[in-house]
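One structure is given below, encoded as structure tokens.
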Amino acid sequence: MNAARLLADTALRACPAAGEAALLEEHYPEALVVSSPDLASALADRMLGPVLALEPADRDVLLTTLTAWLDADGSAREAGRALFCHRNTVLNRLRRYEQLTGRTLHRPRDVVELSLALAAHGLLSP
């Protein structure tokens, strides 16, 4: 398989919405995830394991909050608006993630790993 074909295939696997144009440059983190699914799954387990072990309702609230916070560029206020809750609720949920995992969302490396782990969970989970 030539390089262009390989990149096109990766772009298709990285784009979550079927039927949309798959532009690889808009999905580099997801492309990394689908390019190495075993490694991505291991990262997701490491970063999200304690969250995924929670009861489904608690798990879903935390995953949704973490995703909204990342989508809001780390703004608890904007994440709260998207989730229809107060920013302090978002901050409490973020602290809960930190307590469960031992990670800190003030450390850029942890935020990068969390972002990739959430992408892996979303793309690779059945």
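Considering the values (1) 9.6; (2) 7.0; (3) 8.6, which represents mean projected area of the Cα convex hull in nm² as calculated for the structure under consideration?
The calculated read-out lines up with (3).
Please identify, among His86, His106, His27, the residue showing maximal mean-square fluctuation in a Gaussian network model of the chain using a 10 angstrom Cα cutoff.
Looking only at His86, His106, His27, the biggest GNM fluctuation is shown by His106.
To test your reading of the geometry: what angle, between 0 and 90 degrees and rounded to tens, separates the Cα axis of helix 3-14 from the longest principal axis of the chain?
Helix 3-14 and the main axis of the chain meet at about 30 degrees.
Which Cα, out of Leu48, Leu114, Asn88, lies furthest along the positive dipole direction of the chain (beta carbon charges, K/R +1, D/E -1)?
Positive-most Cα among the choices belongs to Asn88.
Specify the angular offset, from 0 to 90 degrees and rounded to the nearest 10, of the alpha carbon long axis of helix 56-71 from the longest principal axis of the alpha carbons in the chain.
Computed tilt is about 70 degrees.
Using a Gaussian network model on the chain with a 10 Å cutoff between Cα atoms, which of Glu113, Glu55, Glu78 fluctuates the most?
Most flexible of the set in this elastic network: Glu55.
For the chain, what is the mean residue ellipticity at 222 nm derived from helices alone (per DSSP H run of n ≥ 4: -39500 (n - 2.57); sum divided by total residues; nearest 500 deg cm²/dmol)?
-23000 deg cm²/dmol
If one takes the longest principal axis of the Cα atoms in the chain, at what angle in degrees, from 0 to 90 and to the nearest 10, does the Cα axis of helix 87-101 lie?
Around 70 degrees separate the two axes.
We did not get these values from a lab; they are worked out from the coordinates using the rules stated. Everything numeric in this text was worked out from a predicted model, so none of it was measured. Glycine gets a Cβ as well: all are built from the backbone with ideal geometry, and neighbour counts include every protein chain shown.
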